[in-house]
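The values are calculated or read from the model by the stated rules, or taken from the named source; none is laboratory data. Computed from a predicted model, the values in this text were never measured in an experiment. Reconstructed Cβ throughout: ideal geometry from the backbone, glycine too, with neighbour counts over all protein chains shown.
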Amino acid sequence: MNNRRATATALIGAIVGIILVFYMLAYCYQPLETASLRLSHSLGADITGEELGTADANGNLTAYTDFSPVKSGSETVYADGVVSDSWTNATYSIDYSTGKVEVYATGDNPSTANALITIDYNKEPQISGIEGLSSLPGVAVLLFVLITVIGIILMATGRRGL
C-alpha cells in the first residue's frame, strides 16, 4: 500500500511539475512566431554604399546606419560621391555604439547642401542571441523545475537513471 501511495504522490508531483514547466515557458518566452535567433551580420560585415539620406539646404543631416555598433575608425562618409576629407565648410560626427551619423555645416555654402550622404563602414562583430527571452532567472527556474520533474518521474517508475 505504501508503494502505491508513493507512486501516486510522485505522479501528482510530476503533473504539478509539468504544469509549472508550461507556466514557465509561457512566462519566459514570447509566442514562437515572434521569437527568433538573430545572427545576421553577427561576425562583422563590410557595408558599402549605404544611403543615409539627403542633407537639407543648409548641409545638415542626422541619420542612423542600418547596423550597429560600427567599428571605430572604419567609416568613410560621402556627399554625392565626394569623400568627407574633400568637403568644404562641412564635417560629420559618428556615435559608433548606435550608428548615429550627424553631417553638419561649418560655414557658408557647405558642399553637403542637398547632397546624397552615403557611408561605407564595418559592423562590429556581435551576437544578439535569442529574441523573445525575457527573463534569465525564469530560465534558471524552468531548468530546475524540469530536472525536478524528471527526477520525480524516475522515482515513480522505480528507475535509477534515464
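I'd like to know if the range 25-44 contains one or more residues that are outside the structural domain of Gly107 (by TED's automatic domain parsing), modelled with pLDDT of 60 or more and farther than 28 Å from Pro110 by Cβ. Checking the range 25-44: at least one residue is outside the structural domain of Gly107 (by TED's automatic domain parsing), modelled with pLDDT of 60 or more and farther than 28 Å from Pro110 by Cβ. So, of the residues in the range 83-103 that are without any contact (Cβ under 8 Å) to a residue 40 or more places away in the chain and under 16 Å from Glu50 (Cα atoms), which turns out to be surrounded by the most Cβ atoms within 10 Å (Cβ to Cβ)? Among residues in the range 83-103 that are without any contact (Cβ under 8 Å) to a residue 40 or more places away in the chain and under 16 Å from Glu50 (Cα atoms), the one surrounded by the most Cβ atoms within 10 Å (Cβ to Cβ) is Gly99.
Quick one: is Ile117 modelled with pLDDT of 95 or more, hydrophobic (A, V, I, L, M, F, W, C) and under 15 Å from Glu51 (Cβ atoms)? Taking the combined requirement at face value, the residue satisfies it. Set side by side, the residues Thr48, Thr65 differ, and just one is under 10 Å from Ile119 (Cα atoms) and touching a residue at least 60 places away in the same chain (Cβ under 8 Å), which is Thr48. Among the residues of the range 65-82, the ones that are within 22 Å of the chain's Cα centre (by Cα) and over 14 Å from Gly49 (Cα atoms) come to 5 in all.
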